[in-house]
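Read through the structure below, which is laid out as structure tokens, and then see the notes.
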Amino acid sequence: MFMKTTYESSPPPSRERSVAQSDSGFLHELLQHVSSGVRLRRPSKHASTLPASQRLATACEALMGRQGEASRIALAEQALDAYAELDAAGKAHFFHQLLADYGAAPAEIRLAYAAWDEEPSDTALTRLFAAVEPVRQSLLRRLNLCPGGTLALLRMREDLLKVRRAFPELTPLDADFAHLFASWFNRGFLVMRRIDWNTSAAILEKIVAYEAVHEIRDWMDLRRRLDPLDRRCYGFFHPATGDEPLIFVEVALCNGIPDAIAPLLGTSDHPVPEQFDTAVFYSISNCQPGLKGVSFGNFLIKQVARDLSLDLPDITTFVTLSPAPGFAAWLAQKAEEDAEARTLFNKLTAGHWLNDDALRAELDPIVNIYAGHYFVNARNALGAPVDPVARFHLSNGASAHRINWPADFAPAAIERSFGLMINYLYELKKIEAQGEAFAREGTVTCGAAIQKSLRQHSLQH
């Protein structure tokens, strides 16, 4: 969920910062050239008096006919303009129409399969592939022809994801979007850009709006995260989406591995760059809900880590300071079957520890025991770690390095996790092997303190 923020001071200058040195000049120029013409779709000034649903259906039908490129672009614009006028019910009806009227033809599939079954050649296989692909995938490709089409389709999938909650039968349509976006937003098309205080105000406004982990309160708060020597921010952009970031990560450079978030978000005396030995990824935000299921966070973190290791050779440690958004809910479930967990849950819920150092010291070892099992052993119905942040970092090849409690006193963090946070460690020489072990066997690599806690205490899970 993205947060709306009021700005208490004037925005920064509009001067665009150059792309990170690792990006090729060609890709940067391509991004700049294409993004200058990318805009969200706006309805035509000469809209028809026909209902939007009728104009949309007519444009889509014509778009799938024999048309020249110019006609297809015009029809795509008409279709997307009409779609933008629909209310929630109209969009749901349109999605059902796509599912019913733009699917694959069963007769063609049977004929193509029979031909392949009789002679399983590459030619027959190509024909079979063409037959089984739903027509709506071609329609979506053609809608993407007009300027701003990609962004409009991202917004369309956002709408679909909302509608699908009430109409699960639309899942195959969502699979079509996911299939196409996985190709359109392939890593090879993405450009990593450094975002700092001199980046254009248009992009910085989006960083404020899309920050999903630690709210950016105002422009001065944003400046504290971008301007000092010990702060970095990097994002992935795509030529078809212009200045719309896809994902961005905020980085703090410091000495040692931090165990609390407040020092990273607040003001401090900043050391000179030569003193840094640790890069901390303390916030990563996906910006486009329409790209759900299309992951680039793993690429971004690994590229930032490699670039920083080249630019600042003294930095040898790369870690996160990550939230544990499901810990409180998981502990509540454990409390139903485990008396010790119930006692801990009740004490944490009561909240006296927030202002009682002695009580925090008493609870700390018990919190670490349950937190260790939460991060390492707790599994969802699919057998994956129950914590979504753990799934992300462990699948990227990080290790569960150190548990920190309490590390975040923000009200939302207290509610979701009783202030619990964790450092995931990215060791560049080990991430590939650890990621493979996690993918194949579910192996969670742990730091020494977590291993010791797990050896000494076993829980039923």
Q: Could you list, in sequence order, all residues of the stretch 194-240 that are basic (Lys, Arg), assigned to a helix (DSSP H, G or I) and crowded, with 21+ Cβ neighbours inside 10 Å?
A: ARG225
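Taking ALA361 as the residue in question, decide whether it is assigned to a helix (DSSP H, G or I), modelled with pLDDT of 95 or more and open to solvent by less than 60 Å² (accessible area, probe 1.4 Å). Full working, then the answer.
Working: assigned to a helix (DSSP H, G or I): yes; modelled with pLDDT of 95 or more: yes; open to solvent by less than 60 Å² (accessible area, probe 1.4 Å): no.
Answer is no for this residue.
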Q: Residue by residue through the stretch 410-430, note down the ones that are basic (Lys, Arg) and within 22 Å of TRP330 (Cβ to Cβ).
A: ARG416
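Within the stretch 308-327, which residues are open to solvent by 30 Å² or more (accessible area, probe 1.4 Å) and not aliphatic (A, V, I, L, M)? Give the derivation first.
Start the filter on the stretch 308-327 by keeping residues that are open to solvent by 30 Å² or more (accessible area, probe 1.4 Å), which leaves 309-314, 316-317, 323, 325.
Of everything in the stretch 308-327, those that are open to solvent by 30 Å² or more (accessible area, probe 1.4 Å) and not aliphatic (A, V, I, L, M) turn out to be SER309, ASP311, PRO313, ASP314, THR316, THR317, PRO323, PRO325.
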**Q.** Test set (1) over 20 Å from ARG231 (Cα atoms); (2) assigned to a helix (DSSP H, G or I) - LYS302 fails condition number
**A.** (1)
Q: Within the stretch 56-109, work out how many residues are more than 18 Å from ARG136 (Cβ to Cβ), of a type outside the set (A, V, I, L, M, F, W, C) and either in contact with a strand residue (DSSP E or B) (Cβ under 7 Å, 6 or more places away or on another chain) or assigned to a helix (DSSP H, G or I) (or both).
A: 4
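A quick yes/no check of all residues on (1) of a type in the set (Gly, Ala, Ser); (2) assigned to a helix (DSSP H, G or I); (3) more than 19 Å from PHE345 (Cβ to Cβ):
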position	(1), (2), (3)
ARG391	no, yes, yes
GLY397	yes, no, yes
HIS401	no, no, yes
ALA413	yes, yes, no
ARG416	no, yes, no
LEU428	no, no, yes
LEU454	no, yes, yes
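Count, please, the residues in the stretch 328-343 that happen to be of a type outside the set (Lys, Arg), surrounded by 17 or more Cβ atoms within 10 Å (Cβ to Cβ) and under 33 Å from the mean Cα position of the chain (by Cα).
So in the stretch 328-343, the residues of a type outside the set (Lys, Arg) come out as 328-333, 335-341, 343.
From what is left, the residues that are surrounded by 17 or more Cβ atoms within 10 Å (Cβ to Cβ) are 328, 330-331, 335, 338, 341.
If we keep only those that are under 33 Å from the mean Cα position of the chain (by Cα) too, we end up with 328, 330-331, 335, 341.
Residues that pass the stated criteria total 5.
Name the residue that is surrounded by the fewest Cβ atoms within 10 Å (Cβ to Cβ), counting only residues in the stretch 408-436 that are of a type in the set (Gly, Ala, Ser) and under 23 Å from the mean Cα position of the chain (by Cα). Steps first, answer last, please.
Taking the stretch 408-436 first, the residues of a type in the set (Gly, Ala, Ser) are 410, 412-413, 417, 419, 433, 435.
Retained after the next criterion (residues that are under 23 Å from the mean Cα position of the chain (by Cα)): 410, 412-413, 417, 419, 435.
Details: ALA410: 15, ALA412: 13, ALA413: 23, SER417: 27, GLY419: 26, GLY435: 20.
Among those residues, the one meeting the criterion is ALA412.
Which is surrounded by 12 or more Cβ atoms within 10 Å (Cβ to Cβ), at pLDDT 90 or above and aliphatic (A, V, I, L, M), of ALA47, ALA89, ALA79? Before you say what the answer is, go through the steps one by one.
Values: ALA47 fails: at pLDDT 90 or above; ALA89 fails: surrounded by 12 or more Cβ atoms within 10 Å (Cβ to Cβ).
Within the list ALA47, ALA89, ALA79, the selection yields ALA79.
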Q. For VAL389, which of the numbered conditions (1) open to solvent by 20 Å² or more (accessible area, probe 1.4 Å); (2) under 23 Å from GLU337 (Cα atoms) fails to hold?
A. (2)
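The values are calculated or read from the model by the stated rules, or taken from the named source; none is laboratory data. Just so we're clear, the structure is a prediction, and the values are computed from it rather than from any experiment. We place every Cβ from the backbone using ideal geometry, glycine too, and count neighbours over all the protein chains shown. To get the accessible areas, we keep the full protein, side chains included, count just its heavy atoms, and leave off ligands, DNA and RNA. Shrake-Rupley method; radii C 1.70, N 1.55, O 1.52, S 1.80 Å.
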